[in-house]
Amino acid sequence: MTTRRLRKPSNCLTSVLATNIREFRKSKNISQEKLAEMCGLHRTYIGSVERGERNVTLGTLEILASALGLSVPELLTHPRKRHGKQTP
């Protein structure tokens, strides 16, 4: 029997998502606990996403984006590209 490996997103994408959620949350003066409440999630889950420890589902991305007043692509776009700067 063949062992199946779960597919995981790249570390770069996970890091971009983690950074964006943390930065957008902080810019709106929302605590992890409040964001979790707004999303129907647990505070520790939000913390683990912000540390890049979670592979979130598309549904969770939609919920997080909506709670932060953003689109899913905004959550997944590198900050330098959002601000019109090119990445090195």
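The values are calculated or read from the model by the stated rules, or taken from the named source; none is laboratory data. Everything numeric in this text was worked out from a predicted model, so none of it was measured. Heads up, the Cβs are rebuilt from the backbone with ideal geometry, glycines too, and the neighbour counts pull from every protein chain shown. Calculation scope for accessible area: heavy atoms of the full protein, side chains included, ligands and nucleic acids excluded. Shrake-Rupley method; radii C 1.70, N 1.55, O 1.52, S 1.80 Å.
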What part of the accessible area of the chain, given as a whole %, is carbon or sulfur when the probe is 1.4 angstrom?
49
Label-point separation, residue 5 to residue 43 (7 Å along Cα→Cβ), nm
3.7
Once label points are set 7 Å from the Cα along Cα→Cβ at both residue 72 and residue 31, what is their separation, rounded to one decimal in nm?
3.1
I need the shape label for the chain. Rule: rounded when a/c is under 1.5, else prolate if a/b > b/c, else oblate, with a, b, c from the alpha carbon gyration tensor.
oblate
Estimated dipole of the chain in Debye, rounded to 20 [Cβ of Lys and Arg +1, of Asp and Glu -1, Cα centre]
340
Which of rounded, prolate or oblate describes segment 7-46 when judged by the alpha-carbon gyration tensor and an a/c cut-off of 1.5?
oblate
Can you tell me the accessible area per residue over the chain, all protein chains present, probe 1.4 angstrom, in square angstrom?
72
Spin-label proximity, residue 55 to segment 4-32 - amide N less than 18 Å from point 7 Å beyond Cα toward beta carbon:
4-18
